[in-house]
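K.L.:
Pasting a structure below so you can have a look.
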Amino acid sequence: MKIVVTGGMGSGKSTAGRLLAESLGVGLLQSDALCRDLLQPGRSGWQGVHACWGERFLTANQEIDRPLLRQTIFDDAEVRLQLEQILHPLVRQIIRQRAAYEEAHQRNFLAEVPLLFEAGWADDFDWSVTVWAEDNLCAERIVRRDGVTREQAMAALRAQMPSRDKARAADSVLENSDTLETLREQVNQLARVLRQNPLFFS
């Protein structure tokens, strides 16, 4: 069974993904981690960034200046879109290959894809899970995590598909405005539901 976890920035989707992987006893493939790997010097993502912007986002030792790139995509929607156009096809190919490998070995597959619905990848999976929290809470988490201003955090949230729309589009929703233990209880309940699905490899 191919399962995907998504959600807006600051929703706690990575935490939920790790908890679900633990509850199901499966590995977790995170698209953000794939992006970081693809942006290593010489990799295909790095080459795409260099071809698009030259030295703009490179340090003196030719590595991607991640703080600069992150700040720029917060502030500039055009740069964010261009970066997605570079990375998304590469990430999707890796995810599809890994999912096919796990399926061929009769193993369940779990991925975390933040822009699942925006990118139009939902049909690549059998079951989608949206992690949801109020925008104000998500913004607070982004400010603490990334060291940006509240205005920048809210702008980043507005640039994404509204969290309520993500929730409506998903097969399951995990509400993450309370404690970690509350989230864990929801995840364990979801895991029980997934194990009963005919597509789930037991």
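Nothing in this text is a laboratory measurement; each read-out follows from the coordinates by a stated rule. A quick note: this is a predicted structure, and the numbers were derived from the prediction, not measured. Methodologically, a virtual Cβ is constructed for each residue, glycine included, from the backbone with ideal geometry; neighbour enumeration extends over all protein chains shown.
K.L.:
Conditions: (1) assigned to a helix (DSSP H, G or I); (2) in contact with a helix residue (DSSP H, G or I) (Cβ under 9 Å, 6 or more places away or on another chain). Val193 meets all but one. Number of the miss?
P.N.:
(2)
K.L.:
Taking the condition touching a residue at least 40 places away in the same chain (Cβ under 8 Å), at negative phi and in contact with a Leu (Cβ under 7 Å, 6 or more places away or on another chain), does Ala77 pass?
P.N.:
Details: touching a residue at least 40 places away in the same chain (Cβ under 8 Å): yes; at negative phi: yes; in contact with a Leu (Cβ under 7 Å, 6 or more places away or on another chain): no.
No: the conditions fail for Ala77.
K.L.:
Please return the ranges of helices (runs of 4 or more DSSP H) entirely within the stretch 1-60 where 3 or more residues are touching a Gly at 6+ places or on another chain (Cβ under 9 Å).
P.N.:
13-24, 31-38
K.L.:
Additional query: Among the residues of the stretch 72-105, write down those that are in a helix (DSSP H, G or I), among the acidic types (Asp, Glu) and surrounded by fewer than 17 Cβ atoms within 10 Å (Cβ to Cβ).
P.N.:
Listed by number, the residues that qualify are Asp75, Glu78, Glu84, Glu103.
K.L.:
Quick one: which of Glu103, Glu140, Glu175, Glu118 is farther than 17 Å from Lys13 by Cβ and of a type outside the set (A, V, I, L, M)?
P.N.:
On the way: Glu140 fails: farther than 17 Å from Lys13 by Cβ; Glu175 fails: farther than 17 Å from Lys13 by Cβ; Glu118 fails: farther than 17 Å from Lys13 by Cβ.
None of the other options fit; the residue is Glu103.
K.L.:
Tally up the residues in the stretch 61-71 that are surrounded by 13 or more Cβ atoms within 10 Å (Cβ to Cβ) and either outside any helix (DSSP H, G or I) or of a type in the set (Val, Ile, Thr) (or both), please.
P.N.:
3
K.L.:
Go through Gly17, Gly10 for me and flag whichever is buried (at least 19 other Cβ atoms within 10 Å of the Cβ), in contact (Cβ under 8 Å) with a residue 24 or more places away in the chain and touching a Cys at 6+ places or on another chain (Cβ under 6 Å).
P.N.:
Just a single option satisfies the conditions, and that option is Gly10.
K.L.:
Test Ser44 against the criterion of being of a type in the set (Ser, Thr, Tyr), closer than 22 Å to Ala111 by Cα and within 17 Å of the chain's Cα centre (by Cα), and give yes or no. Steps first, please.
P.N.:
Values: of a type in the set (Ser, Thr, Tyr): yes; closer than 22 Å to Ala111 by Cα: yes; within 17 Å of the chain's Cα centre (by Cα): no.
For Ser44, the condition - of a type in the set (Ser, Thr, Tyr), closer than 22 Å to Ala111 by Cα and within 17 Å of the chain's Cα centre (by Cα) - is not met.
K.L.:
I would also like to ask the following. Show the residue pairs that are 6+ apart or on different chains and have beta-carbon atoms under 6 Å apart, the first residue being within the stretch 96-116 and closer than 13 Å to Met1 by Cβ, the second being part of a helix (DSSP H, G or I).
P.N.:
Partner pairs satisfying both residue conditions: Phe109/Ala99; Phe109/Glu102; Leu110/Ala21; Ala111/Ile95.
Residues checked against (1) in contact with a strand residue (DSSP E or B) (Cβ under 8 Å, 6 or more places away or on another chain); (2) among the hydroxyl-bearing types (Ser, Thr, Tyr):
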{"position": "Gly27", "(1), (2)": "yes, no"}
{"position": "Ser31", "(1), (2)": "yes, yes"}
{"position": "Leu38", "(1), (2)": "no, no"}
{"position": "Gly42", "(1), (2)": "no, no"}
{"position": "Gln47", "(1), (2)": "no, no"}
{"position": "Ala51", "(1), (2)": "no, no"}
{"position": "Arg56", "(1), (2)": "no, no"}
{"position": "Gln62", "(1), (2)": "no, no"}
{"position": "Arg66", "(1), (2)": "no, no"}
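K.L.:
Can you tell me which residue within the stretch 117-160, out of those that are without any contact (Cβ under 8 Å) to a residue 12 or more places away in the chain, out of contact with any Lys or Arg (no Cβ under 9 Å at 6 or more places or on another chain) and in a helix (DSSP H, G or I), is nearest to Val193 (Cα to Cα)?
P.N.:
Asp123
K.L.:
Another question, if that's okay. Could you count how many residues in the stretch 38-52 are out of contact with any helix residue (DSSP H, G or I) (no Cβ under 8 Å at 6 or more places or on another chain) and either crowded, with 16+ Cβ neighbours inside 10 Å or within 29 Å of Arg144 (Cβ to Cβ) (or both)?
P.N.:
1
K.L.:
Just to be sure I understand the filter: pairs with C-beta atoms under 7 Å, separated by 6 or more residues or on different chains, first member in the stretch 38-65 and within 25 Å of Ile95 (Cα to Cα), second member of a type in the set (Ser, Thr, Tyr). Which pairs pass?
P.N.:
Every condition considered, the pairs that remain are Leu38/Ser44.
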